[in-house]
Each structure stands twice: as C-alpha cells, then as structure tokens.
Amino acid sequence: MAGLVSSRGCHKIRGSQIRELLDSKLNVLFDCDGVIWNGETVVAGAPEVVTLLKQQGKKVFFITNNCTRPRASYVTKFIRLGFTDVAEEEIFSSAYCSAAYLRDVAKLQGKVYVIGCQGVVKELREAGVPIVEEDTDAPTGTIYDYPLDPDVKAVLVGYDEKFDFIKLAKACCYLQNTECLFLATDPDPWHPLRGGRITPGSGSLTAAVETASSRKATVIGKPSCFMFECIASQFNLDPGQSLMVGDRLETDILFGANCGLDTMLTLTGVSTLEEAHGYKDSDDPERKDFVPDYVVETIADFIEAYEEEEG
C-alpha cells in the first residue's frame with residue numbers, strides 16, 4: 001500500500017493513511033474493553049465507527065477475553081452504550097469460544113468442572129456442555145469433605161471472584177487424571193478498575209491451578225489462535241484481509257501476529273506507545289510479535305479519515 005509501511009513497524013497513522021489501510025481490508029476485529037469502551041464508559045465515537053465501517057461493507061467482529069458475561073448480555077451492553085447495529089453472532093468472548101471448543105473440537109463426553117463466573121456457566125449450558133453443579137450448601141473443611149464427580153473429563157478455569165482453596169483443590173484432584181482436559185478461558189493476569197485499582201484475571205487463577213497440578217492449561221482466548229479459527233469457520237475470513245484492533249500488546253497484538261493479521265494499537269486502554277517501542281527495540285525476537293503494525297490515538301480517528309477523504 002502506497003504510503004503505508006507494515007512489518008510490525010509501530011507506525012502511528014492518521015487521516016488518509018487510516019483510510020488506505022481500511023480500504024485494503026474486508027474484516028475488522030475489535031477488542032472491547034480499552035478499545036470500544038472502558039468499563040461502563042463508551043470510547044467517544046466508537047458507535048459511529050462501527051456503523052461507518054458496516055456502511056463501507058466491512059464485516060465487524062468483537063473479540064474479548066472477558067468471560068464474565070454471556071453474548072446476549074454483551075448485546076445489551078452495546079445497546080446501553082449507544083450501539084445500534086451489533087448482533088450477537090458478531091461477538092466472540094472467551095467464554096463462548098471455550099464452550100465451542102469443548103463441544104466442537106474436544107467433543108467432550110463427560111462433565112466440565114468450572115472455576116468461573118456465570119458468563120462461563122451460561123455459555124456452556126447454551127452449548128449443551130454438561131457441568132458439575134456446585135452445592136451451595138457445601139460443607140466447610142478439607143478436600144476430604146467434598147465429593148468428586150467421576151464423570152468429570154475437563155477442568156475449565158476463568159475469572160472467578162469466589163475462587164478459594166477448595167476450588168483449587170478440587171481442580172487439582174480432577175487433573176490427576178492425565179486424560180482430563182485442562183483449559184483456560186484466557187491468560188489475562190489482571191484487569192484495570194476505577195481509581196487505579198486492579199483485579200486479578202483468569203491468568204492468575206490458571207497459574208495457581210497449573211502450579212498445584214503440575215499441568216499446563218490450553219488457552220482458548222487471545223493470544224491463542226482458536227478465537228480467530230472460531231470466527232473464520234463461521235464467516236470464512238481471510239487473515240490477509242483482516243485487521244485486529246486492540247489496546248493490549250501482550251494479548252491483542254500478539255493474537256493478531258499469531259493469526260497472520262495486520263494489527264493496530266489504540267491508545268485508549270492498557271498499553272502505551274512507549275511500551276510498544278520498547279518491544280520494537282528489544283533484542284528478544286519473541287517480543288517482536290508484541291509490536292503493532294500501526295498505532296492510532298483512538299478508533300475515533302477512523303471517522304476523521306473518512307471525512308477527510310470525502311472533503
């Protein structure tokens with residue numbers, strides 16, 4: 001593309017360069033938190049960007065490692081934040097993709113022991129994947145006081161605000177069986193909260209189970225390629241005609257690199273331009289995949305790019 005240089009160049013672009021890049025793509029994949037919104041606050045211009053891209057004939061998808069809510073709940077959030085044209089089938093969360101993996105890839109014949117919130121549980125149920133139903137009146141005590149389900153054939157770890165020692169112990173007991181699958185919704189170590197606080201993410205809980213069980217989890221969410229494979233299988237996407245837009249270098253940008261997509265970092269979320277340049281200047285070749293092809297201040301710059309062209 002004239003005027004554009006890629007190859008993980010970390011090029012900050014705007015105006016006609018953004019338009020040229022978008023004109024070369026058929027599919028645009030957005031991360032959500034930090035790109036489309038921050039918590040319950042929409043990124044200015046994001047609803048207009050989604051509408052504009054669809055008017056230009058682009059397929060738009062939303063891929064998130066956040067497993068706390070089912071897809072139907074995401075649709076409600078999009079509507080609440082002012083989006084008028086987002087469909088459930090365009091949303092791919094790590095919870096939905098984990099359920100799809102267990103149903104369609106693993107073809108699980110048995111139950112799943114879930115460390116996770118209701119978003120994961122609901123997606124598994126909707127996919128018809130049996131889970132271990134936890135007893136809300138469970139006894140207190142040691143692992144000896146808790147029954148183990150002999151039909152468990154997989155352990156799935158996601159974000160769980162009620163994670164405790166007994167859940168860790170149960171997961172480890174199930175994983176003593178080497179035939180038991182071990183999956184993680186995503187590797188995110190933490191998530192930003194208001195006021196500068198953070199909360200541990202699924203990756204932190206997965207690390208605890210990995211350490212205690214001496215097993216390594218198969219990660220479903222970004223930067224694993226399965227989320228793109230899940231989208232591509234349903235919508236026949238070509239990686240070369242797809243752009244990944246994210247705010248986190250170690251997940252979103254690495255995901256795009258792993259899947260053969262052009263990548264764009266937006267500076268409305270977690271990662272900074274300085275961090276991207278740090279990876280670019282690193283002598284570690286593996287860190288080069290954390291470097292985005294392109295950088296924008298915000299996806300609202302897309303609107304300016306089209307307005308500038310029309311003007």
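The values are calculated or read from the model by the stated rules, or taken from the named source; none is laboratory data. If you're wondering where the values come from, they're calculated on a predicted model, not measured in any experiment. When we count neighbours, we look across all protein chains shown, and the Cβ atoms used for this are built from the backbone with ideal geometry, even at glycine. Note: accessible area is taken over every heavy atom of the protein model, side chains too, but ligands, DNA and RNA are not part of it. Shrake-Rupley method; radii C 1.70, N 1.55, O 1.52, S 1.80 Å.
State in Å² the accessible area per residue of the chain; use a 1.4 Å probe, count heavy atoms of protein chains only, and round to the nearest integer. Numbers along the way, then the final one.
Numbers: 14090 Å² over 311 residues.
Here the residues of the chain average 45 Å² of exposed surface.
Please give, to one decimal in nm, the separation of the simple spin-label points placed at R125 and L267, each 7 Å out from Cα toward the Cβ.
4.5 nm
Would you tally the net charge around G201, using a Cβ to Cβ cut-off of less than 10 Å, leaving G201 out, and scoring K and R as +1, D and E as -1? Let's see the in-between values first.
Working: positive: none; negative: D186, D188.
Local net charge: -2.
For a Förster distance of 25 Å, can you work out the FRET efficiency between the beta-carbons of D23 and K216, rounded to the nearest 0.05?
0.05
For A169 and T199, calculate 0.36 nm times their separation in residues minus their Cα-Cα distance, and state this gained length in nm to one decimal. Write out the running numbers ahead of the final one.
On the way: separation 30, 0.36 × 30 = 10.80 nm, distance 2.20 nm.
Additional length available on full extension: 8.6 nm.
Pull up all non-local amide H partners of K12: gap of 5 or more, or a different chain, and H-to-H distance under 5 Å with H placed in the peptide plane.
Hits under the 5 Å cutoff: V295.
Would you kindly state how much longer the chain becomes between D149 and A207 on full extension, computed as 0.36 nm times their sequence separation minus their alpha carbon distance, in nm to one decimal?
Roughly 18.6 nm would be gained on extension.
For the range 110-219, calculate the relative contact order in percent as a whole number, restricting contacts to Cα pairs under 8 Å that are 6 or more residues apart. Working shown, then result.
Numbers: 176 pairs, mean separation 28.1, N = 110.
Across the range 110-219, relative contact order equals 26 percent.
Rounded to a whole number, what % of the accessible area of the chain do carbon and sulfur atoms account for, probe 1.4 Å? It would help to have the intermediate numbers written out before the result.
Details: 7080 of 14090 Å².
C and S atoms contribute 50 percent here.
Give the ranking of F226, F30 by solvent-accessible surface, highest area first, calculated with a 1.4 Å probe. Walk me through the intermediate numbers first.
Working: F226 30, F30 0 Å².
Solvent-accessible surface, decreasing: F226, F30.
To the nearest 20 debye, what is the magnitude of the charge dipole of the chain about its Cα centre, counting +1 on the Cβ of each Lys and Arg and -1 on the Cβ of each Asp and Glu? Intermediate values should be presented prior to the final figure.
Details: 30 positive and 48 negative charges, 112 e Å.
Around 540 debye, computed over the chain.
Taking 0.36 nm per intervening residue step and subtracting the Cα-Cα distance, what contour gain separates E274 from V105 on full extension? Walk me through the intermediate numbers first.
Working: separation 169, 0.36 × 169 = 60.84 nm, distance 3.92 nm.
That pair, E274 and V105, stretches by 56.9 nm at full extension.
Given the DSSP H assignment, sum -39500 (n - 2.57) over each helix run of at least 4 residues in the chain and divide by its residue total; what's the result at 222 nm in deg cm²/dmol, nearest 500?
Working: 11 runs with 101 residues, N = 311.
Computed ellipticity for the chain at 222 nm equals -9000 deg cm²/dmol.
I need to check one value: relative contact order of the range 259-300, counting alpha carbon pairs closer than 8 Å and at least 6 residues apart, in percent.
55 percent
Running Debye on the range 110-219 with equal point scatterers at the Cα sites and no solvent, what base-10 log of I(q)/I(0) appears at q = 0.15 Å⁻¹?
Summing over Cα pairs of the range 110-219 leads to -0.63.
I'm a student and want to see the number: the projected area of the Cα convex hull of the range 42-191, averaged over all directions, in nm². Write out the running numbers ahead of the final one.
On the way: hull surface 42.3 nm².
Here the figure is 10.6 nm², rounded to one decimal.
How would K12, K25, K216 rank on accessible area, largest to smallest, probe 1.4 Å?
Values: K12 105, K25 15, K216 155 Å².
Largest accessible area first, the list is K216, K12, K25.
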